[in-house]
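As structure tokens, the structure follows; a few thoughts come after it.
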Number of protein chains: 2
Amino acid sequence: MNLYAATVPVFTKLLTNVDHWLDKSVAHAQAKKFDPQVLLGMRLAPDQWPLLRQITAACDWAKFCTSKMAGKEPPVHPDTEKTIDEVRARLKTVLAYLATFTPDDFLGCEDRPCTHAWMQGKSVRAGDYLDHVALPNLHFHLTTAYAILRHNGVDLGKDDYLGEIPFRP
Amino acid sequence: MNLYAATVPVFTKLLTNVDHWLDKSVAHAQAKKFDPQVLLGMRLAPDQWPLLRQITAACDWAKFCTSKMAGKEPPVHPDTEKTIDEVRARLKTVLAYLATFTPDDFLGCEDRPCTHAWMQGKSVRAGDYLDHVALPNLHFHLTTAYAILRHNGVDLGKDDYLGEIPFRP
């Protein structure tokens, strides 16, 4: 077992799915004759991040998870996006970053300490970081983005969330 | 590495968190003087499952994931819950089921074929089942439940979703 399989291909698929959600969002806005950019500012509660920030947070968790588990310095992405095209560019940037990893980068990484500034000097074993921190955060922000779009009438279903399932041959 | 760590303790924590969300939901309803049961019927879109079904679906994914990966027959839970107390009992039942597993149950399980009726005769390797099917579904339903509660004013934050993080000693 190598944790590459649990991270890079999964995150690549999930972030690629978001690009398809944006296609459907733009189509929905055009059909209803409203500016698709409006969706980026929608949120489910006043003290919750809007769609745009949910998507860029998901991008960050995919980036943090792979870089920290593999013991690399994550690139800085300064959250300057304002438009759907810029959000798509951010997705593309992170997808290109994910593509730089190989299974060798994750060899024996399970016990590597992973940390963030908000952990205040503490750290988590890479295996626990994946299971208890990065994956829950990634799915949390992805599902919240999905929920915001569903709440606003975009025609998405569970398959759009899961993407292709790697069935056995 | 053993996939017990990626499943049983994580799911146990996440489903225990949901019980705390229900505490906060009941407190919110009492403060606002409405029947807390009303929350169980709330949904973010008319063609989306309500809170009650999101929680029982999360219960099912925790159950399916552990049983199928460990090569055991999952118990049947017939979705008859209607009240918050019954939803709490369902959580308790699944938490008790999770407690029956040991790391030995997951030894060498990575390539075990996992399937559901909806896969129409196909199956997925247990490792892929965890990463591409069960975990995304579990977090999808948990986050949707959380989002429904946030949308309805319940005082929840990200820490209530993640629960305790297993920092290194």
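The values are calculated or read from the model by the stated rules, or taken from the named source; none is laboratory data. As the structure is a prediction and not an experimental result, all values here were calculated from the model. When we count neighbours, we look across all protein chains shown, and the Cβ atoms used for this are built from the backbone with ideal geometry, even at glycine. Protein only, heavy atoms only, side chains kept; ligands, DNA and RNA dropped before computing areas. Shrake-Rupley method; radii C 1.70, N 1.55, O 1.52, S 1.80 Å.
Report the B-A buried area as the accessible area lost on both sides summed, probe 1.4 Å, in Å² to the nearest 100.
The buried area between B and A, both sides summed, comes to about 4100 Å².
Mind listing the long-range amide H neighbours of B:Cys114? Cut-off is under 5 Å, sequence gap 5 or more, other chains count too, H placed in the peptide plane at 1.01 Å from N.
Placed amide hydrogens put B:Val124, B:Arg125, B:Ala126 under 5 Å from B:Cys114.
Å³ per residue of the Cα convex hull, for the protein assembly as shown? Intermediate values should be presented prior to the final figure.
Working: hull volume 49.3 nm³, N = 338.
Per residue, the Cα convex hull of the protein assembly as shown comes to 146 Å³.
Taking only the alpha-carbon atoms of the range B:1-61, what semi-axes of the equivalent ellipsoid follow from 5 times the gyration tensor eigenvalues under a square root, in whole Å, largest first?
Over the Cα atoms of the range B:1-61, the semi-axes work out to 28, 16, 6 Å.
On average, how much accessible surface per residue is there in the range B:40-169, in Å², for a 1.4 Å probe, leaving out ligands, DNA and RNA?
Counting only protein heavy atoms, the per-residue value for the range B:40-169 is 43 Å².
Take the cross-link list A:Lys32/B:Lys82; A:Lys158/B:Lys24; A:Lys33/A:Lys68; A:Lys63/B:Lys63; A:Lys33/A:Lys63 and give me the ones stretching past 32 Å between alpha-carbons.
A:Lys32/B:Lys82; A:Lys33/A:Lys68; A:Lys33/A:Lys63
Relative contact order for chain B: what is it in percent, counting Cα pairs under 8 Å that are at least 6 residues apart?
35 percent.
Evaluate the charge dipole of the protein assembly as shown about its Cα centre and quote only its size in Debye, nearest 20, assuming +1 on the Cβ of each Lys and Arg and -1 on the Cβ of each Asp and Glu.
Numbers: 38 positive and 40 negative charges, 98 e Å.
Rounded to the nearest 20 debye, it is 460 debye.
How many nm is it between the label spots at B:Asp155 and A:Ala117, if each spot is 7 Å from the Cα in line with the beta carbon?
Result: 2.9 nm between the two label points.
Report the charge-dipole magnitude of the range B:1-123 in Debye, nearest 20, computed about the Cα centre from +1 at each Lys and Arg Cβ and -1 at each Asp and Glu Cβ. Write out the running numbers ahead of the final one.
Details: 15 positive and 14 negative charges, 64 e Å.
It comes to approximately 300 debye.
If you count, for every residue in B:39-47, the Cβ atoms of partner chains within 10 Å of its Cβ, what is the mean? Show your work: numbers first, answer last.
Working: counts 0, 0, 0, 0, 2, 7, 8, 1, 3.
Other-chain Cβ atoms within 10 Å of each residue's Cβ, averaged: 2.
Taking a temperature of 25 °C and a viscosity of 0.890 mPa s, what whole-number D in µm²/s does Stokes-Einstein yield for the range A:4-105 with Rh from Kirkwood over alpha carbon pairs?
169
Dividing the alpha-carbon Rg of the range B:70-127 by 2.2 N^0.38 Å yields what?
Working it through for the range B:70-127, the quotient is 1.42.
Over all alpha-carbon pairs in the range B:37-153, figure out the percentage whose distance exceeds 25 Å.
Roughly 28 percent, once rounded to a whole number.
Please list, in order, the residues from the range B:105-132 whose amide nitrogen is less than 15 Å from a point placed 7 Å along the Cα→Cβ vector of A:Glu164.
Output list for this probe position: B:132.
Under a plain spin-label model, where a point goes 7 Å from the Cα along Cα-to-Cβ, how far apart in nm are B:Lys32 and A:Lys33?
Those two pseudo-labels are separated by 3.5 nm.
5 Å is the cut-off here: which amide hydrogens, built 1.01 Å from N in the peptide plane, fall below it relative to B:Val154, excluding neighbours closer than 5 in sequence?
Long-range HN contacts for B:Val154: none found.
Could you order peptides B:59-72, A:37-50 by the average number of other Cβ atoms within 10 Å of their residues, highest first?
The packing order, highest mean first, is B:59-72, A:37-50.
Highest mean first, how do A:145-151, B:13-19 rank when packing is the count of other Cβ atoms within 10 Å averaged over residues?
Averaged packing, sorted descending, gives the order A:145-151, B:13-19.
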